[in-house]
Amino acid sequence: MINDADRPIAIQISGVDKIYRIGEVGRGTLQADLQSWWARKRGREDPNSIIGEPERKYGDLFYALKGIDLTVHQGERLGLIGGNGAGKSTLLKLISRVTAPTAGTIDLYGRVTSMLEVGTGFHGEMTGLENIYLNGTILGMSKREIDDVLEKIIDFSEVREFINTPVKRYSSGMYVKLAFSVAAHLDSEIVIMDEVLAVGDIAFQQKCIDRMMSAATDENRTILYVSHNMNTVRQLCERCVVLDQGKIIYDGDTEEAIRFYSEHLTRSRGMAGDLSSYVRRNRGLSGKCVAEQILTDEEALKMDESLRFLVRVRAYEELDGVRIRLVVSNSSGTIVGMAYSDACCLNEGSSEISCELDTSGLAPDAYACDVAIFGYEDNVQVRHDFISKVLVFRIEENYRYFGQTWKTRAWGNTRLGSIRITEVKPDEQK
């Protein structure tokens with residue numbers, strides 16, 4: 001494995017801020033705007049402010065990015081993950097020179113191909129073939145250089161039959177196939193992709209991931225990839241950065257970054273422990289009982305340990321046959337399993353239900369559970385309460401499988417039972 005210190009730098013970001021001003025734009029006329037500006041400049045009251053109301057500021061500052069320092073080396077496959085509004089797309093736009101940073105510097109060592117959204121840089125009235133030449137020319141390639149890779153682009157895109165059709169008539173899937181194919185094959189050292197694989201079909205997504213991995217390893221191209229699909233991030237990226245509120249809060253191994261992001265996101269929503277302020281968004285709840293607290297002291301479990309947790313419930317009448325259901329999701333948000341409790345009876349008032357979940361079938365990862373409290377009335381299921389992603393725990397590696405750590409990317413999150421060999425006998429036909 002090549003040490004980062006030995007790899008040339010592809011992208012150097014130092015102290016980058018991006019600030020937007022939001023709020024009121026103007027007072028309606030240039031004269032009023034100038035009056036208000038001059039009054040503020042002299043520290044006087046705004047003559048155009050509304051009588052009886054405190055003077056308002058002309059918008060507030062919004063830090064889309066704040067203090068970003070990041071070094072990306074040639075040949076790296078870097079993922080950027082984070083919640084909506086974390087600053088991921090803004091950072092890619094700065095790197096792509098779509099907009100400029102308010103403060104700080106971004107140094108790029110190589111040509112950049114950007115796919116910030118499906119069909120970026122495509123002209124709807126032009127054919128697919130014409131758009132290939134257009135994108136290559138914008139990138140600084142000569143016609144001969146584009147001709148050399150033209151057949152590879154068309155073959156990879158799977159739209160040869162429609163290559164002479166205006167792209168405005170393409171479906172979203174055809175659009176992204178051609179756009180990705182162009183970005184993947186044109187001569188650039190840095191490729192930037194923002195959620196572009198979400199449109200293509202599963203087979204094409206895998207084809208794109210394989211192409212990007214080969215581009216990074218064989219052609220030493222640098223890949224920056226933003227996605228909310230943690231499975232594609234796992235497959236493509238060797239390193240991952242987590243953004244939150246315009247700041248980098250984690251930078252490191254992809255699996256660790258996904259785990260960190262999952263735990264951080266769940267906790268930032270305030271969905272742990274006390275549920276007194278939790279807003280139920282599900283319709284059809286009976287209201288006969290509610291969960292007041294869901295507690296566990298064992299968020300970090302070794303493999304083969306059980307998860308013990310406590311559910312404090314307030315019942316507004318006596319209830320028979322009450323059950324608890326957990327729906328368990330991994331760090332990618334993919335559901336990996338569901339579990340039910342035995343039935344119990346609740347008296348009116350507050351009760352504590354002690355529970356234990358067998359997690360021996362789960363592989364190392366971070367998990368979050370949806371918790372439902374329900375029962376049956378006249379053989380019809382009645383949901384009393386439902387809380388999303390309230391119970392968080394982590395399975396940690398504590399032994400190896402045939403000398404290897406568990407490979408979540410290749411083997412998944414569920415550890416199946418052992419294979420029982422029923423019989424071994426010679427093949428008598430030989």
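Would a scan of the stretch 385-395 turn up a residue that is modelled with pLDDT of 90 or more and either at positive phi or part of a strand (DSSP E or B) (or both)?
Looking only at the stretch 385-395, we keep the residues that are modelled with pLDDT of 90 or more, and these are 385-386.
Filter once more, keeping what is either at positive phi or part of a strand (DSSP E or B) (or both): 385-386.
Yes: the stretch 385-395 contains one or more residues that are modelled with pLDDT of 90 or more and either at positive phi or part of a strand (DSSP E or B) (or both).
Yes or no, residue by residue, for (1) of a type in the set (S, T, N, Q); (2) within 14 Å of Leu391 (Cα to Cα); (3) touching a strand residue (DSSP E or B) at 6+ places or on another chain (Cβ under 6 Å):
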position	(1), (2), (3)
Ile294	no, yes, yes
Glu299	no, yes, yes
Val311	no, yes, yes
Tyr316	no, no, no
Cys344	no, no, yes
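If a residue must be more than 31 Å from the chain's Cα centre (by Cα) and among the aliphatic types (A, V, I, L, M), how many such residues does the stretch 344-359 contain?
Number of matching residues: 2.
Taking the condition at pLDDT below 85 and not basic (Lys, Arg), does Thr127 pass?
Working: at pLDDT below 85: no; not basic (Lys, Arg): yes.
In short, no.
I want to confirm something. Restricting to the stretch 226-238 and keeping residues that are touching a Lys or Arg at 6+ places or on another chain (Cβ under 7 Å) and not in a loop (DSSP other than H, G, I, E, B), which single residue is modelled with the highest pLDDT?
Going through the qualifying residues, I end up with Val226.
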Exercise for review: Pairs only if they're at least six apart or on different chains, beta carbon under 7 angstrom, first in the stretch 9-36 and closer than 26 Å to Ile248 by Cα, second among the acidic types (Asp, Glu) and modelled with pLDDT under 70; list them, first residue then second.
Suggested key: Ile22/Asp60
Review point. Checking Glu356 against (1) touching a Lys or Arg at 6+ places or on another chain (Cβ under 9 Å); (2) modelled with pLDDT under 90; (3) within 24 Å of Ser418 (Cβ to Cβ), which single condition isn't satisfied?
Key: (2)
Exercise for review: Mind counting the residues in the stretch 338-358 that are of a type outside the set (A, V, I, L, M, F, W, C) and either outside any loop (DSSP other than H, G, I, E, B) or in contact (Cβ under 8 Å) with a residue 60 or more places away in the chain (or both)?
Suggested key: 8
Review point. So which residues in the stretch 310-337 are within 23 Å of the chain's Cα centre (by Cα), assigned to a strand (DSSP E or B) and exposed (fewer than 14 other Cβ atoms within 10 Å of the Cβ)?
Key: Ile335
Practice item. Report whether or not Arg409 is assigned by TED's automatic domain parsing to the domain that holds Val313 and modelled with pLDDT under 90. Key: no
Check your understanding: Does Val182 fit the bill of being surrounded by 21 or more Cβ atoms within 10 Å (Cβ to Cβ), in contact with a helix residue (DSSP H, G or I) (Cβ under 6 Å, 6 or more places away or on another chain) and either closer than 14 Å to Ser114 by Cβ or not assigned by TED's automatic domain parsing to the domain that holds Tyr133 (or both)?
Key -> yes
Practice item. Identify, from the list Leu94, Leu80, Leu108, Leu70, the residue that is in contact with a Pro (Cβ under 9 Å, 6 or more places away or on another chain), within 30 Å of Ile190 (Cβ to Cβ) and at pLDDT 85 or above. Key: Leu94
Study note, to complete from the structure: Checked the stretch 324-336 for anything on the phi < 0 side of the Ramachandran plot, at pLDDT below 90 and of a type outside the set (Val, Ile, Thr); matches are Ser329, Asn330, Ser331, Ser332
Practice item. Mind counting the residues in the stretch 288-309 that are touching a residue at least 24 places away in the same chain (Cβ under 8 Å), hydrophobic (A, V, I, L, M, F, W, C) and surrounded by fewer than 17 Cβ atoms within 10 Å (Cβ to Cβ)? Key: 1
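The values are calculated or read from the model by the stated rules, or taken from the named source; none is laboratory data. Here the structure is a predicted model, which is why all the values come from computation and not from measurement. For neighbour counting, all protein chains shown are included, and Cβ atoms are generated from backbone atoms with ideal geometry for every residue, glycine included.
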